[in-house]
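The values are calculated or read from the model by the stated rules, or taken from the named source; none is laboratory data. Small disclaimer: the values here were computed from a predicted structure and weren't measured. For neighbour counting, all protein chains shown are included, and Cβ atoms are generated from backbone atoms with ideal geometry for every residue, glycine included. Keep in mind that these areas ignore ligands, DNA and RNA; they rest on the heavy atoms of the full protein, side chains included. Shrake-Rupley method; radii C 1.70, N 1.55, O 1.52, S 1.80 Å.
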Amino acid sequence: MKSIFTYFALLIVQASFAQDLDALKSEYPKDDVVTLSLTRHLEISESRGNFKITEKLTKKDVYLTSDRLSHANESIRYNSFESIEDINAYTTSVVNGKNTTRFVKDFEDKDVLIRGVFYDDQKKKSFSFPNVTEGSTTFLSYERKLKDPHFLPSFIIGKSIPIKSVELSVSFPNTVKVAYSTFNLDSVDVDFKTSKTEKNTTYKWTLKSIPKVNRNYDFNPIYYLPQIFVRIESVIQKGKEKAILSSPKDLYSWYNSLIKNINQTDQTELKTLTQNLIEGLNSDEEKVKAIYYFIQNEINYIAFEDGLNGFIPRDAKNIYVNKYGDCKDMANILNEMLNYAGIRSHLTWIGTRDRPFTYGELPTPMVDNHMITAVALNDDYLFLDATAKYLGFGYPSPFIQGKEALIGISDTEYKIIKVPEVAPERNVTVIESHLELKDKTLLGQHNAEFTGFEKLRMLHRLERKDDEDIGFLQSVLKFGKKRTKTFNIVYRDLKLQNDTLSIEFHSETHDYIKSIDHLIYLKPHLDFNLKSEIVKAEKKKFDKKIDHKFQKKFLTTIKIPDDLKVQSLPKDVAFKNPDFNFSISYAMSEDNEHILVNKLITVNTLKVEVNKMDDWNTFIKALNKANKHSIILENAKQ
């Protein structure tokens with residue numbers, strides 16, 4: 001009887017398991033793995049001004065197929081502000097009708113390597129779920145102990161696999177005031193509840209059917225993912241309310257407490273250096289420019305992220321002696337030297353364009369990830385970023401345009417000012433070309449000049465260029481055809497202090513001329529800028545990111561051979577839109593010996609919004625079509 005009972009029990013287990021798995025496969029037909037449930041609970045307690053903060057996480061994944069077993073390799077990230085404890089991870093599978101459980105035994109601590117960062121305190125506990133196959137379920141739970149009330153974990157909901165159910169909650173004593181900021185919750189099914197007892201309050205969010213992260217974003221995914229950020233606003237201590245992070249004022253107060261004791265060593269050497277740099281310079285702008293370019297030339301940018309040291313600049317004199325520093329170090333030494341020169345400047349916190357938040361929306365360290373120097377000059381502020389090696393004076397970094405800057409004026413005073421977006425007329429590429437026909441070959445002499453962010457982009461590309469890269473100019477300039485060869489390349493004005501970078505080069509484009517019925521067809525446009533910028537259907541649901549506004553000018557002069565004359569020129573063409581436009585004109589020179597072709601492309605936006613995507617595609621298609629227009633030449637004796 002016992003054997004019969006066991007047999008039928010196994011049949012029931014197998015049938016139930018198969019039904020559940022089939023139902024999930026039907027619900028998620030295109031997925032190999034699904035998170036069935038994810039629970040994160042934040043527990044906050046406080047005693048005599050000391051916080052105890054613990055996050056408890058549990059997660060359950062099911063494998064619908066065996067095609068993506070790499071997902072069984074997991075890791076838990078942490079940093080010096082937190083510790084990971086009580087990890088429990090195991091796999092359950094049904095094998096021959098029997099439930100089997102295999103526990104994870106090995107957890108390996110590793111450094112997290114981040115591109116472009118020399119040192120980061122980010123670490124991870126890596127492990128692999130054992131015995132995973134189709135139908136397996138993996139379970140994970142652990143506790144995260146947090147050491148600083150300014151760094152509560154972010155609830156950013158989104159993974160590379162879909163999530164069926166999410167429960168997020170935070171509990172705290174009624175003597176503690178907790179606020180929350182939510183973003184993009186309207187994109188999912190969410191329920192929010194508050195419960196309160198005599199001593200404690202709990203906020204709880206329940207979210208259903210979270211899709212996997214879409215890979216067609218131009219912007220950082222946090223522009224789109226559902227997010228909940230909780231923060232401790234204040235705490236009642238001895239009958240008085242003590243602010244923690246209730247407003248930008250509190251965030252600045254904390255930031256300022258971290259920097260108030262910097263630069264305490266003897267700075268005489270740096271002061272003397274500053275005076276030598278500005279000797280003989282009369283205007284404040286000349287002094288700022290001299291110090292700014294000195295930092296760019298002499299101090300190497302190396303990124304460090306090490307606990308609170310990731311927030312506190314190192315000593316200015318030591319930065320100068322060591323000749324390297326991260327963003328806050330370079331901001332500090334620049335600010336210090338400017339102050340020695342009698343210039344009003346201030347350390348400034350700012351988030352790059354990867355962070356979509358404002359200080360009012362999210363007054364926590366999550367809002368910013370960069371430090372620069374703000375200079376009060378000519379009744380305005382200049383935002384100087386010495387980490388950008390080739391950035392011209394007077395320009396902010398491209399990646400902070402339009403972002404709020406938190407400028408530290410004094411111990412108690414600060415300003416929040418939006419960094420201006422640089423106009424396209426200040427970021428210009430101009431290519432002057434003199435073309436001549438020789439049989440079926442188009443010969444060219446060219447001079448390209450770059451200003452602003454166009455110069456910055458080109459200098460960064462030159463820095464990474466392979467000496468033997470013969471196709472470099474065609475690639476970076478988007479200039480030339482398949483049969484175009486460039487040679488006699490000369491780079492001029494490479495010094496940082498020069499406002500304009502120049503490149504001179506020659507070109508030969510073979511078999512470029514087409515002859516049909518005694519007529520010669522010449523396409524005068526050698527560039528192919530923006531040719532491949534059509535936004536495809538799968539990306540049209542999301543805004544398109546533009547790194548910077550710009551203009552591209554092409555001034556082309558074509559010498560008409562003595563034995564030929566112009567039969568017809570293409571009609572002038574233009575596309576008009578305030579955010580993106582172009583114009584092309586054709587004319588004969590006064591001596592009728594040359595054809596003059598002028599083209600101007602302007603992009604006057606940092607973002608193409610979804611509702612303008614069709615206009616953008618129409619713009620690109622119109623430009624590509626216009627670039628195919630031909631000049632028609634015929635025998636001069638006809």
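When a 1.4 Å probe is rolled over the protein heavy atoms, the share of accessible surface on the chain that falls to carbon and sulfur comes to 47 percent. Spherically averaged projected area of the convex hull of Cα atoms, the stretch 369-507: 10.7 nm². Over the stretch 477-565, the hull volume per residue, using the convex hull of the C-alpha atoms, is 184 Å³. Computed from the Cβ-Cβ distance with R0 of 22 Å, the FRET efficiency linking K637 to E593 stands at 0.85.
Modelled label positions at R461 and K541, each set 7 Å beyond Cα in the direction of Cβ, lie 3.3 nm from each other. Across the chain, the mean sequence separation of Cα contacts (distance under 8 Å, 6 or more residues apart), normalised by length, yields a relative contact order of 9 percent.
Convex hull volume per residue, computed on the Cα atoms of the stretch 32-98, equals 118 Å³. May I ask for log10 I(q)/I(0) of the stretch 503-638 at q = 0.16, 0.17, 0.20 Å⁻¹, from a Debye sum over the Cα atoms as equal point scatterers with solvent left out? Here the Debye-derived log intensity ratios amount to -0.89, -0.96, -1.18.
More than 13 angstrom separation, counting every C-alpha pair in the stretch 121-188; what % is that?
83 percent
Nearest 10 degrees, 0 to 90: what angle lies between the long axis of helix 268-278 and the longest principal axis of the chain (Cα atoms)? Result, in degrees: 30. With the helix formula -39500 (n - 2.57) applied to DSSP H stretches of n ≥ 4, the chain reaches a computed 222 nm mean residue ellipticity of -6000 deg cm²/dmol.
Does anyone have the angle between helix 613-626 and the longest principal axis of the chain? Alpha-carbon axes, 0 to 90°, nearest 10? Computed tilt is about 30 degrees.
In the frame of its principal axes, the stretch 217-284 has Cα extents of 55, 49, 23 Å, reported largest first.
Multiply the residue separation of N447 and D511 by 0.36 nm, subtract the distance between their alpha-carbon atoms, and state the gained length in nm to one decimal.
Difference between extended and current length: 20.7 nm.
Taking θ as phi - 60° and the Karplus parameters 6.51, -1.76 and 1.60, the scalar couplings of the stretch 213-225 work out to 4, 6, 8, 9, 6, 8, 7, 3, x, 5, 5, 10, 5 Hz in sequence order, x denoting glycine and proline.
Over 15 Å apart: what share of the alpha carbon pairs of the stretch 251-308 falls there, rounded to a whole percent?
68 percent
Quick one: compute a quarter of the convex hull surface over the Cα atoms of the stretch 166-301 and quote it in nm². Present the calculation step by step, with values, prior to reporting the outcome.
Values: hull surface 61.8 nm².
If you wrap the Cα atoms of the stretch 166-301 in a convex hull and average its projections, you get 15.5 nm².
Kirkwood hydrodynamic radius (Cα pairs, Å) of the stretch 57-143? One decimal place: 14.3 Å for the Kirkwood radius.
Shape analysis of the stretch 539-608 yields a ratio of the Cα radius of gyration to the Kirkwood radius, Rg/Rh, of 1.17. Heavy atoms of the protein chains alone define the surface here; on that basis the chain has 51 Å² accessible area per residue at 1.4 Å probe size.
Close amide H partners of S136, meaning residues 5 or more places away or on another chain with modelled amide H under 5 Å apart, are Y63.
In this simple spin-label approximation, K30 and L281 carry label points 7 Å from Cα along the Cα→Cβ vector, and these lie 5.7 nm apart. Under 13 Å from the Cβ of Y512, count the other residues' Cβ atoms, weight Lys and Arg +1, Asp and Glu -1, and hand me the total. Local net charge: +4.
Modelled spin labels at I259 and Q237, positioned 7 Å past Cα toward Cβ, are 2.4 nm from each other. A simple rule links phi to the HN-Hα coupling: the Karplus curve 6.51 cos²θ - 1.76 cosθ + 1.60 with θ = phi - 60°, which for the stretch 435-442 gives 10, 8, 8, 9, 6, 9, 9, 9 Hz, with x for Gly and Pro. Taking only the C-alpha atoms of the chain, Rg followed by Dmax gives 31.2, 111 Å.
Using alpha-carbon pairs under 8 Å, 6+ residues apart, how would you state the relative contact order of the stretch 346-470 in percent?
This gives 20 percent for the stretch 346-470.
Between K389 and K145, the contour length at 0.36 nm per residue exceeds the alpha carbon distance by 83.9 nm.
Across the stretch 169-177, computed HN-Hα scalar couplings (Karplus, 6.51 cos²θ - 1.76 cosθ + 1.60, θ = phi - 60°) run 8, 9, 10, 7, x, 6, 7, 10, 9 Hz from first to last residue, x flagging Gly and Pro.
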